[in-house]
Structure formats: structure tokens, C-alpha cells
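Working notes, structure below.
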Amino acid sequence: MTTTPSATDLDAARLLLERLGVTPQDLLNTPKPSSAMPTFAEYIPVVSASVSKGTRRAYGSYWNRVNDKWGDRRIDEPTASEIKHLVADIRANVVPRRNARGGRSAGEHLIAALRCLYRHAEDDNLITKADNPALKVPKPRRLPSTRRAVADNRLDDINHIAATTGNDPALDALILRIHTETACRRGGALALRPQDLDTD
């Protein structure tokens, strides 16, 4: 049977909370106790199944790395310092490519993948926002893009060669024109259908 607390009871509760250094907000932010905190190996598949296909494609390889490194650990165990160390490790071991930027993108994507995972843990009342270690690790700042437009004289040369050589110069010139005028990517041109064209 629930009874309404008296003014004396409430004063006593306030005094106790004050002495403990606990605010009413702290009590509200405390996650509900769970029977067992999941490990990364247990929780990553749960999160992976609940996100969109695009998110899974973007973060899946990073979740796999986290699982390889921390699979048997509970998700509330790693600290912000350990996440920073994991970011540094992944940046140091990134596959070198012609357009490599020192692993900055890999570090950024790892942090984003962990933030996604921990955001789901917050939603599932496994941790509080204050306990989210991924929020305490800043993402690496993005460097300016190295992509540049093709110079006008170079573009003229490319268009001239395409329109005067090859097996189907007229088609080649049209393909180049669509890219020049719409700035579409390769996929946009490959997906083009006759009904997409403005015949006028």
C-alpha cells in the first residue's frame, strides 16, 4: 500500500540527499539496473540489426574491429582513454592508399561507430549520457579536400579527344557533357534511363 510522504519525511529525504551530494536529477539519470551488462560481442549484433543498411555498411567494419579487440568486455568497461588508444592503433594500421590522409577518416569513422553503439545503449537504459565514453573523445578535424575541378583548357582537350576518336564519339561526347553539366557521379550516369531525358 502506497502512502503519501509527510513534510517531515520529505525534509529528511532532502537532507539525506544533500549530505550524500546527490541531486534529484542524478536519481532520474541513473540507468535501470539490468541483470547483466552485455559484452561488445553480444551487443554489436543487436545494434547492427536495428540500424539502416547504409549505417551498417558505414560502421560494420569498425564494429568488427571493436569486436575483435574488446568482444569479451562489457560495453561499460572501456574508458575514453582506451577509445583514444584504439583510434590511434587503427590510424597507425590503416591500409595506405594514393589519397591517404594519415588515417584521419578511419579514426573519425571509428568514433562515429562507437557513438552510434553507445547512443543505442543509452536508449536501452544500459548507460547514461554522462557515462558515454565515446562522447568524451573528439573526432579528428577534417583536412581540406584535395579534390579539384578539371581546368577549362584540360576539359576542352578531353572533350575534343572524346568527340573525335573512339568507337562512338557522339555517345562519348554526350556522356562527358552530362557529367560536365550536372556534376553527377558515375553511378548517376549508369542509372540514367531514356525517360529521365528531356527530349526538348
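The values are calculated or read from the model by the stated rules, or taken from the named source; none is laboratory data. The structure presented is a predicted model; accordingly, all values stated were derived computationally and were not measured. Because the Cβ atoms are built from the backbone with ideal geometry, glycine has one as well, and the counts that use them run over all protein chains shown. These accessible areas exclude ligands, DNA and RNA; they are computed on the full protein's heavy atoms, side chains included. Shrake-Rupley method; radii C 1.70, N 1.55, O 1.52, S 1.80 Å.
Kindly indicate whether any position in segment 99-121 is open to solvent by 70 Å² or more (accessible area, probe 1.4 Å), at pLDDT 85 or above, of a type in the set (Lys, Arg) and assigned to a helix (DSSP H, G or I).
yes
Scan segment 165-191 residue by residue and report those that are among the acidic types (Asp, Glu) and exposed (fewer than 14 other Cβ atoms within 10 Å of the Cβ). So that I can check it myself, show each step before the final result.
We begin by selecting, within segment 165-191, every residue among the acidic types (Asp, Glu); these are 168, 172, 181.
Matches in segment 165-191: ASP168, GLU181.
Scan segment 143-155 residue by residue and report those that are in a helix (DSSP H, G or I) and open to solvent by 70 Å² or more (accessible area, probe 1.4 Å).
ASP152, ASN153, ARG154 - these are the residues of segment 143-155 that are in a helix (DSSP H, G or I) and open to solvent by 70 Å² or more (accessible area, probe 1.4 Å).
For the subset of segment 42-65 comprising residues that are free of Cβ contacts under 8 Å to residues at least 60 places away in the same chain and touching a helix residue (DSSP H, G or I) at 6+ places or on another chain (Cβ under 6 Å), which member is surrounded by the fewest Cβ atoms within 10 Å (Cβ to Cβ)?
Within segment 42-65, the subset free of Cβ contacts under 8 Å to residues at least 60 places away in the same chain is 42, 45, 48-49, 52-54, 56-65.
Subset that is touching a helix residue (DSSP H, G or I) at 6+ places or on another chain (Cβ under 6 Å): 48, 56, 59, 62-63.
Details: SER48: 17, ARG56: 14, TYR59: 23, TYR62: 20, TRP63: 22.
Step by step, filter segment 42-65, then rank; the result is ARG56.
Among what's in segment 122-142 and is open to solvent by less than 80 Å² (accessible area, probe 1.4 Å) and not in a helix (DSSP H, G or I), pick the residue that is modelled with the lowest pLDDT.
PRO140
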